[in-house]
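As structure tokens, the structure follows; a few thoughts come after it.
The values are calculated or read from the model by the stated rules, or taken from the named source; none is laboratory data. In this text, all values refer to a predicted model and were calculated from it rather than measured experimentally. Counting neighbours? That spans all protein chains shown, and the Cβs are built from the backbone with ideal geometry, glycine included. Side chains are part of the model used for accessible areas, which takes the heavy atoms of the whole protein and leaves out ligands, DNA and RNA. Shrake-Rupley method; radii C 1.70, N 1.55, O 1.52, S 1.80 Å.
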Amino acid sequence: MEDFVSESDSDYTSYWRDWFISSRGNEYFCEIDEDYLTDRFNLTGLNAEVSYYQYALDLVTDVFDLDCDDEMRETIEKSARHLYGLVHARYIVTTRGLAKMLEKYKKSDFGKCPRVLCHSHPLLPVGLSDCPNVRPVKLYCARCEDTYNPKSSRHASMDGAYFGTSFAHILFQVYPALVPTKSADRYVPRVYGFKMHAAAALVRWQGNKRDDMRRRLRKMEIESGFKDGEDEIDDEEDEDEEEDEEGVNEEEAGMADYGGAGTTVQAPGGDEV
Amino acid sequence: MLQIHIRSIEIETSWTTTPRHSSTCPNGPFIAHDGAHGSGKRPHDNGIIDYHNITTATWNQSSESRTSAESSDRRKQKQKAARKLGRIFSSTESDHKPARKKRRTDITESGSDDYPYHPRIPDWLRLISRPKVITPPDVTMSTSSGSPESWISSFCSLLGHEYFAEVSEDFIEDDFNLTGLQSQVSLYKEALEMILDVDPEDDEDDEDEEDEDEEESGGDGMRGGQRGHARVHSDLSLIESSAEMLYGLIHQRFICSRAGMQQMSEKYELGHFGVCPRTNCSMARTLPVGLSDTPGMDTVKLFCPSCLDVYVPPNSRFQTVDGAFFGRTFGALFLMTFPEYDLSKAGAETLSNLPPRPAGDENMTVNGMYARNIAPGLGKGRIYQPKIYGFKVAEIARSGPRMQWLREKPDDITELDEARLYAQEQGDSEDEDEAMNLNTRTVTRKRPQGNARLRQAAKQAQNGSHTAAEGNGAESEL
């Protein structure tokens, strides 16, 4: 690959950006438009962040023609990658950038959610900080609204600032139709069909939280985003759903919850195997 | 192209078979057996009994009989047959045979030196402490020289079978542990023989053990005579796949027994099952679980005790492993059997940045678990908060957060002690619970039915439920 790099600027046909986004480990990046890169306004402040800023920018925009030794080249190459990443974070929240990333999202280029109950929902890259060299990139699942570590180590070491903390959420603000339906499905640890008490208690508590939230949203007449057809839910979860419904119906009867607690201790999981 | 490929496999096969025999026994009795096998002679008759000093141990006995009995061409045939036919899950699994060899060498070269755990030492052997029998250097030596390997250990060293524990033969030989499996697995008897590395010729000796099986399946007795021939034919691969299914189902039961738990806990400690992919779990170690106890439903998943959720294993090679081979019970039972594990171990250093947990007492138990071990990866500071330019996305937004409940946990974990809270609320001022003494409210309400039991539960939660959880683990021992 390095050989390829050295050729790329001399008079090799390929553009640096083409090479960069197609090289291994950079699959998460999309290509930044030439005119976005050449507009100085978009690069405000980056000269303080990137060493050899001008050379790096020249390299990224394929106008680099400095004669220098390999070591220097290496440094500039590194700066160029850093610069590209930082511009990338700004670019992907523009209309065009969002559209490009959306394409990649639809193709699951960023991977799929490892959580079983998300059923391989596509992920989006997010940073946990907007400052470079703080946290590596993470992957955000819009279905369970949590972040995960990328599977492969070459992605796991990429800087999160190249994607930024806001991108994923801006995407869903701009394309609200893409917000996935949420689901109350969840895993409940069991021993021979019996729920594990400590975990089940937490599950109940979380279920109450969820119901509170849904009630809150209903009062404000805001769509909660949960799928309403409770009957679609898997066998495994049926019992929990019933309990939850109980919780909703008898919300004010404080005992209901404790009664529920009692029964779970005794009742074997409905789904006998 | 294809031809070349096939040839390379063949070469590989012969490479693993021939040197294996010659190098294992420089003095040659094993080579002699290769010839002896055809005449149906039993390997032990030839006086290599002192090969490992422990002919009484079934494990070694059977593994010896296997190598000596398996003439190289039979082995080849077996491998070829297995390659040809798809196995339980997918056709890609047929690639496993060459991989098996590869992995073996991997283990011998690096595995044994790196850490004390060695996949080839069955842990039950260690547990019953017979140090004379197998000491680690011994094993390393015998491995590198390609010593006999039982079906079980070679199965466990297959690519993608890293999660499996080696079921002890004692466990398999106990008929009680196999109750009901006969109806679930085709070619049950043959499969069992394969797992135990029992030669069909040895049937006479094991007659009384396997009497029942013979009676139950009517035509079996007749087939018994021909089995020697039958097994070398093409149904070998069928048996192989039945054996894998049977082993998996036994494995499901075994890992819930005491010895199995022990073995799995060692694998857990070494991180053999991988870590949770969730960012806020900070690489907490996971446990393999199934989502169903019936085979063929779903593949193996990873249960993260830190966030109480299940994840798909990162490597696609585990997508050929049936989840039923681990079962639904194992994950939770593991937590109850070993309540003292630090579940968030790998992320211990990042924990210090978080607000100290109000549950100050290290050993406080809630609902039968140590409070610090109830979903340590959840709760305040461990929930992802979506932000745009530093501003939180509001709940009332169309794209606002809706799933945070899934990662929430009460700040005060004792809130989850429902039984105690209930008792407090109902407040029989009379007696036992200290908690009730704190309750100053006078209670007029009559005690509803079922209260007695709950009160008991509350009491238990206060003093003894931790031990109760441990007791559970012990009871599960089969």
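What to note about this one:
- Here the Karplus relation 6.51 cos²θ - 1.76 cosθ + 1.60, evaluated at θ = phi - 60°, turns the backbone of segment B:299-308 into coupling constants of 7, 5, 10, 10, 9, 9, x, 7, 10, 6 Hz, with x for every Gly and Pro.
- Occluded residues from segment B:374-403, i.e. those whose accessible area drops by 50 Å² or more once the chain is not alone (1.4 Å probe): B:Tyr384, B:Ile388, B:Tyr389, B:Glu395, B:Ile396, B:Arg398, B:Ser399, B:Arg402, B:Met403
- ³J(HN,Hα) computed for each position of segment B:154-159 - Karplus, 6.51 cos²θ - 1.76 cosθ + 1.60, integer Hz, glycine/proline x: 6, 4, 6, 9, 5, 5
- With a 1.4 angstrom probe, the accessible area lost at the A-B interface totals about 5900 Å².
- Karplus-based coupling profile of segment B:381-387, in residue order and whole Hz: x, 10, 10, 6, 10, x, 9, with θ = phi - 60° in 6.51 cos²θ - 1.76 cosθ + 1.60 and x standing for Gly or Pro.
- Inter-probe distance in nm under a simple model that places probes 7 Å from Cα toward Cβ, at B:Gln385 and A:Tyr175: 2.8
- Under-5 Å amide H pairs with B:Gly327, H placed in peptide plane, nonlocal only: B:Gly290
- Take segment A:16-180 with all the other protein chains still there, run a 1.4 Å probe, and you get 42 Å² of accessible area per residue.
- Average beta-carbon neighbours from other chains, 10 Å sphere, peptide B:306-313: 6
- Here B:Trp405 sits with roughly 10 square angstrom of accessible surface, probe radius 1.4 Å.
- Close Lys-Lys pairs in segment A:16-180, where close means Cα under 14 Å and separation is 8 or more or interchain: 4
- Counting, for every residue in A:168-175, the Cβ atoms of other protein chains within 10 Å of its Cβ and taking the mean gives 4.
- Apportionment of accessible area to carbon and sulfur, segment A:1-139, percent (1.4 Å): 48
- Taking amide H as placed 1.01 Å from N in the peptide plane, the amide H of A:Phe194 sits under 5 Å from that of A:Gly269, each at least 5 places away or on another chain.
- Around the amide H of A:Asp146, modelled in the peptide plane, lie the amide H atoms of A:Cys141, all under 5 Å away and 5 or more residues distant in sequence or on another chain.
- Inter-chain neighbour count for A:37-43: the average number of beta-carbon atoms from partner chains within 10 Å of each residue's beta-carbon is 0.
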